[in-house]
Amino acid sequence: MRYLVTGKNGQLARSFLRRFESSGTDHAAPDENVADITDPVKIRELMTSYRPDVVINCAAYNLVDRAEEDRDTAFKVNAVGPAILAEAAQACGAYFVHFGSDYVFDGSKETGLYREDDTPNPLSVYGSSKRQGEENALRNNDKSLVLRLSWVFGEGKQNFIVKLIEWSARSGPLKVTCDEFSVPTSTETVVDVTLRAVQRGATGMFHLTNSGYCSRYEWAKLIVKEMGIDKFIRPVTMASFPLPAKRPAFSAMDNRAIGALTGISIPSWEDAVRSFLRGHS
Ligand SMILES: NC(=O)c1ccc[n+]([C@@H]2O[C@H](COP(=O)([O-])OP(=O)(O)OC[C@H]3O[C@@H](n4cnc5c(N)ncnc54)[C@H](OP(=O)(O)O)[C@@H]3O)[C@@H](O)[C@H]2O)c1
């Protein structure tokens, strides 16, 4: 099986690449100047020269607040890019894997975790661009697998764990929201489950998170405890951090469908965070 990975410098791509390198799996992950997912000519050339069996799209525009004023870039990367990739993959008979987001939901569900058949209603430009991207991916390739993720953490500098550790080293109070809920999700879990789903030929849309859910405040408390950081964290509401993009208050997703399909007992978010911190302390 030959894999092509886009967005090679992102945190999720790095986990896939590490896994492929350690297992000796045939793969390529060209730089953005060769694999700009918004450039249909380059993408077609890449597919015809490399002939992958599976294309894994880890490229994305994830600047949730900046997207409010840079709608064009957000839609180009998050919606047009997946359409181009899915179509080019289809033309060479390749399977297409794309990642969506819990921010396609508005957070108003009151009867449990979000399931795959719940109706999206994004609150932000970022959420709308991700929604269009997942629809484009599914429409343009009949072997598309779309996995919606949330609160992703892995090797990189942009995730909440790394930022929280940095913030804790500063003087002054540390404030974290206690009314914003989702599921911290490890890139290692995403790689495990995605590769098994690909082996099983899964197509369509699934929710892929670690198990359970929490507020950002609970997540922060676990990080400082596990890191032995002596810092008081003040729980605050989202209203006390006015940000350009609206975020869903509760967007935790139900991972049971993908767990059943792959036969993987998906670890809890707490175990996934502990395991990540053990590797990074
Ligand atoms: N991070 C989260 O909390 C989160 C939550 C839910 C869903 N997701 C989804 O999970 C997936 C993986 O996210 P991640 O956290 O690994 O993202 P990430 O770390 O932000 O990586 C995305 C990568 O895509 C690259 N990129 C941007 N535009 C590109 C283009 N036109 N062509 C090729 N590459 C391009 C970026 O490069 P530059 O840095 O140079 O721009 C970056 O290296 C994405 O689909 C994301 O939307 C993430």
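The values are calculated or read from the model by the stated rules, or taken from the named source; none is laboratory data. Being a predicted model, the structure only gives us computed values, none of them experimental. Quick reminder, even Gly has a Cβ in these numbers, built from the backbone with ideal geometry, and neighbours come from all protein chains shown. Surface accessibility is based on the protein's heavy atoms, side chains included, excluding ligands, DNA and RNA. Shrake-Rupley method; radii C 1.70, N 1.55, O 1.52, S 1.80 Å.
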Selection count where residues are open to solvent by 30 Å² or more (accessible area, probe 1.4 Å) and more than 23 Å from Thr187 (Cα to Cα), scope region 39-56: 10
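Among the candidates Phe250, Phe232, Phe241, single out the residue that is farther than 20 Å from Ser150 by Cβ and either in contact (Cβ under 8 Å) with a residue 40 or more places away in the chain or open to solvent by 40 Å² or more (accessible area, probe 1.4 Å) (or both).
Values: Phe250 fails: farther than 20 Å from Ser150 by Cβ; Phe241 fails: farther than 20 Å from Ser150 by Cβ.
Phe232 is the lone residue from the list that is farther than 20 Å from Ser150 by Cβ and either in contact (Cβ under 8 Å) with a residue 40 or more places away in the chain or open to solvent by 40 Å² or more (accessible area, probe 1.4 Å) (or both).
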Pairs with Cβ under 6 Å, 6+ apart, first in region 1-29 and open to solvent by 30 Å² or more (accessible area, probe 1.4 Å), second of a type in the set (A, V, I, L, M) and within 16 Å of the ligand (Cβ to nearest atom): Lys8/Ala29; Arg19/Val191
Hey, Val224 of a type outside the set (Phe, Trp, Tyr), outside any helix (DSSP H, G or I) and in contact with a strand residue (DSSP E or B) (Cβ under 8 Å, 6 or more places away or on another chain) or not: no
Any chance Met205 is within 29 Å of Asn140 (Cα to Cα), in contact with a helix residue (DSSP H, G or I) (Cβ under 9 Å, 6 or more places away or on another chain) and touching a residue at least 12 places away in the same chain (Cβ under 8 Å): yes
So Glu180, is it more than 30 Å from Ser22 (Cβ to Cβ), of a type in the set (D, E, K, R) and within 16 Å of the ligand (Cβ to nearest atom): yes
Region 57-78: number of residues that are surrounded by fewer than 22 Cβ atoms within 10 Å (Cβ to Cβ) and more than 10 Å from the ligand (Cβ to nearest atom): 8
Selection count where residues are of a type in the set (Lys, Arg), open to solvent by 30 Å² or more (accessible area, probe 1.4 Å), in contact with a strand residue (DSSP E or B) (Cβ under 8 Å, 6 or more places away or on another chain) and near the ligand (Cβ under 10 Å from one of its atoms), scope region 132-177: 0
Lone unmet requirement of (1) surrounded by fewer than 18 Cβ atoms within 10 Å (Cβ to Cβ); (2) closer than 29 Å to Ser211 by Cα; (3) without any contact (Cβ under 8 Å) to a residue 24 or more places away in the chain for Gly112: (3)
